[in-house]
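The values are calculated or read from the model by the stated rules, or taken from the named source; none is laboratory data. Everything quoted here is computed from the prediction, not taken from an experiment. Glycine gets a Cβ as well: all are built from the backbone with ideal geometry, and neighbour counts include every protein chain shown.
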């Protein structure tokens, strides 16, 4: 009986490890100043060291609606559209940054002033909810990554 249990656990161990949610970290979360009642934006870096996952929902107490959007260059004209989810692959940081994927904060309940902080909850399919603090940066702030996603949108 004990031997059968050990053999069963040995055979199932790889499946259990595969089914566990990935380890996800959200870093460098920042926002630009914005006026109450208008729209704000959040940028961050999402790093996944586990199984592939997907960011599908967001929430923040500072906005009526928080959603994912993608800015892209369409024949020299910058456009933006909402996206349902952002894939987060293991070992490939997903960047929310100017000119690419970002969080839109619609219907701001308060003004966002440089130096302010506020919580943002990112809800992943496998990893669940992760709350990070967002810092409002002065106008002209540029991300430390130095990379911009200015490509065309892809279907996910």
Assess whether residue 100 counts as being touching a strand residue (DSSP E or B) at 6+ places or on another chain (Cβ under 7 Å), surrounded by 13 or more Cβ atoms within 10 Å (Cβ to Cβ) and either closer than 28 Å to residue 49 by Cα or at pLDDT below 95 (or both).
-> yes
Search segment 90-103 for residues that are more than 11 Å from residue 43 (Cα to Cα) and pair each with any residue that is buried (at least 21 other Cβ atoms within 10 Å of the Cβ) when their beta-carbon atoms are under 6 Å apart and the residues are at least 6 apart or on different chains.
-> 90/48
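Step by step: first the residues of segment 136-152, then only those that are within 17 Å of the chain's Cα centre (by Cα) and surrounded by fewer than 16 Cβ atoms within 10 Å (Cβ to Cβ), then the one that is modelled with the highest pLDDT. Which residue is that? Show your work before the answer.
Start the filter on segment 136-152 by keeping residues that are within 17 Å of the chain's Cα centre (by Cα), which leaves 136, 143-145, 147-149.
Remaining after also requiring surrounded by fewer than 16 Cβ atoms within 10 Å (Cβ to Cβ): 144-145, 147-148.
Values: 144: 56, 145: 47, 147: 38, 148: 36.
Among residues in segment 136-152 that are within 17 Å of the chain's Cα centre (by Cα) and surrounded by fewer than 16 Cβ atoms within 10 Å (Cβ to Cβ), the one modelled with the highest pLDDT is 144.
Touching a residue at least 12 places away in the same chain (Cβ under 8 Å), assigned to a strand (DSSP E or B) and either within 13 Å of residue 30 (Cα to Cα) or touching a helix residue (DSSP H, G or I) at 6+ places or on another chain (Cβ under 8 Å) (or both): is that true of residue 132 in this structure?
Details: touching a residue at least 12 places away in the same chain (Cβ under 8 Å): yes; assigned to a strand (DSSP E or B): yes; either within 13 Å of residue 30 (Cα to Cα) or touching a helix residue (DSSP H, G or I) at 6+ places or on another chain (Cβ under 8 Å) (or both): yes.
Against the criterion (touching a residue at least 12 places away in the same chain (Cβ under 8 Å), assigned to a strand (DSSP E or B) and either within 13 Å of residue 30 (Cα to Cα) or touching a helix residue (DSSP H, G or I) at 6+ places or on another chain (Cβ under 8 Å) (or both)), residue 132 qualifies.
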Segment 36-65 - residue that is under 9 Å from residue 104 (Cβ atoms) and either over 11 Å from the mean Cα position of the chain (by Cα) or modelled with pLDDT under 95 (or both) and, of those, surrounded by the most Cβ atoms within 10 Å (Cβ to Cβ) = 40
Which listed residue is at pLDDT below 95, out of contact with any helix residue (DSSP H, G or I) (no Cβ under 6 Å at 6 or more places or on another chain) and part of a strand (DSSP E or B), from 28, 73 | 73
